[in-house]
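Bear in mind these aren't lab numbers, they're just calculated from the coordinates by the rules spelled out. No experiment lies behind these values; they were computed from the predicted model shown. Reconstructed Cβ throughout: ideal geometry from the backbone, glycine too, with neighbour counts over all protein chains shown.
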Amino acid sequence: MRDRTAILEKVLEITRRLAQPLELNDLLGTIVDAARSILEADRGSVFLYDPVADVLVSRVATGSGELRVPANRGFAGECVKTRSVVVVPDAYADPRFNPDVDKSTGYKTQCILTIPLIGHDDALVGVLQVLNKRSGTFGEDDVAVATALAAQCAVAIQRMRLLEDLLAKQRLERELEVAKDIQTRVLPRSMPTPAGYELAGWSRPADQTGGDIFDVIDTGGRIILLLGDATGHGIGPALSVTQVRAMLRIAVRLGADLDASFRHINDQLSEDLSSNRFVTGFLGVLDTERHEISYHAGGQGPLLHFHAARSEATLETATTLPMGMMPIVSLKPPRVAPLEPGDVFAAITDGVFEYESPGGEMFGEARVVDLIRRHAGSSAGELLKTLVAAVDVFAAGAPQNDDMTLVIVRRLP
């Protein structure tokens, strides 16, 4: 064995280098180079342990590319299982050795030293493996030095992984903030004010981005109403409902009527979305001269219609399948909701109805109906605020598990 003082100085120097900020691949390369130098080895590899897939992944291995091996095979697998050093003085004399890699690369493995990398919390980080000591075979002194080096390497890898996870989380949060800003900007900034009517709309996602959207478009005498709710919530559903809004805006600019708009949006979604994705959507037209809303409700319901003259509400079901499930072969005529003075029509996503209290009770349809009946004399904006406030009081701090969106139309008395 070489001079112990010189070896110790090398280990200390490597420890100082490992404490410096490095990219993970650079760190692993430093570890491999250090192990080869200190142990006088020809080649080396660091295998990181993936406990979820139960595999060892070598991102840095001298003489080869990335390797992925099951964590229960070979000398590295034995090292994982026993969490102890595995010394193989003569690889070809050991029945556990698999020579296939040597055959494919032309390299001949003679002796192997495999050391577990165990972190400060006793978690297995990976395995350090070195091949072919340049002067003989690996002995007890090599094991002692390798064990000391491995302990420092494991902690350094853990620290770098935590840093990488933190940076990745920060990048994701920045991207989500951008996505949230984009999605928020496509929501209406103000409501049209047609004669004799009030309109209000509101949305609050469960995450930074949501799978709900609404839109209100004034085309002059006719108001286009949209409420969409994609399956799930987050980035994917947010993209789906933003696509619905964009397609509707284009359809309106091209002069498409209600039926054509609904059919084309549905058929495009059926091409674009995977089979387990869809959008429940309400698409309606408020005619302020005929005093009625004509609409298609693709899986969207219940739709609440409060009849002021008899002070009662009806809950209307969906008119057809959710948007994007399949192309439309034939579309039924739109349903028509006549609006008498004082009537209220509300399209509400299930995040409102299904909001759960701390005890697991849902807010439910009956509470929504009762609130609208009792506050039907309020403006559409005040009615919306009252409903949202009631949900928040009912929730009593329970987490919002689904996006919440409302569109309210009220004909003035």
Charge context of LEU226, other residues only, Cβ under 14 angstrom, K/R +1, D/E -1: -1
Long-range amide H partners of GLY342 with built H, under 5 Å: ARG411, LEU412
Each label sits 7 Å from Cα toward the beta-carbon; between ASP122 and ALA53 the label points are separated, in nm, by 2.8
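Mean separation of Cα pairs under 8 Å and 6+ residues apart, divided by the residue count of the chain: what relative contact order is that in percent?
The value is 12 percent.
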Each residue of the range 281-288 in order: what ³J(HN,Hα) in whole Hz does its phi give by Karplus 6.51 cos²θ - 1.76 cosθ + 1.60, θ = phi - 60°, with x for Gly and Pro? x, 9, 10, x, 10, 8, 9, 7
At a Cα cut-off below 19 Å, give the aspartates and glutamates reachable from LYS180, other chains included and same-chain residues fewer than 8 away excluded. ASP207, ASP212, ASP215, ASP229, ASP402, ASP403
May I have the convex hull volume per residue, in Å³, for the Cα set of the chain? 191
Label ASP26 and SER379 with points 7 Å out from Cα along Cα→Cβ: what is the distance between them in nm? 5.9
Would you work out the charge dipole size for the chain about its Cα centre, treating the Cβ of every Lys and Arg as +1 and the Cβ of every Asp and Glu as -1, and quote it to the nearest 20 debye? 620
For PHE138, what residues show an amide H to amide H distance below 5 Å, using hydrogens built from the backbone and excluding near sequence neighbours? LYS133
Show which lysines lie in cross-link reach of LYS108 when reach means a straight Cα distance below 16 angstrom and same-chain residues fewer than eight apart are skipped. LYS133
Could you work out the helix-only [θ] at 222 nm for the chain, with each DSSP H run of four or more residues adding -39,500 (n - 2.57) and the total divided by the number of residues, to the nearest 500 deg cm²/dmol? -12500 deg cm²/dmol
How far is it, in nm, from the label point at LYS103 to the one at ASN401 when both lie 7 Å from their Cα along the line to the Cβ? 5.5
Of PHE353, SER270, GLY284, farthest towards positive along the dipole that unit charges on Lys, Arg, Asp, Glu beta carbons give the range 269-413: GLY284
Using only the Cα atoms, work out Rg/Rh for the range 163-298, with Rh taken as the Kirkwood radius, to two decimals. 1.04
Show the residues, 5+ positions off or on another chain, whose built amide H is closer than 5 Å to the amide H of GLU292. ASP287, LEU339
Could you compute the net charge surrounding VAL86? Neighbours are other residues with a C-beta less than 11 Å from the C-beta of VAL86; K and R count +1, D and E count -1. +1
Ranked highest first by average number of other Cβ atoms within 10 Å, how do 218-225, 108-115 line up? 108-115, 218-225
At R0 = 45 Å, FRET efficiency that the Cβ-Cβ distance of ARG185 and ARG310 yields, to 0.05: 0.65
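Determine the gain in length on full extension of the stretch THR231-ALA246; use 0.36 nm per residue of separation and subtract their C-alpha separation, reporting nm with one decimal. Kindly include the intermediate steps, with their values, before the conclusion.
Numbers: separation 15, 0.36 × 15 = 5.40 nm, distance 1.82 nm.
Stretched fully, the THR231-ALA246 segment lengthens by 3.6 nm.
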Using C-alpha positions alone, give me the convex hull volume of the range 176-411 per residue in cubic angstrom. 117
Acute angle (nearest 10 degrees) that the helix 364-374 long axis makes with the longest principal axis of the chain, alpha-carbon atoms: 40
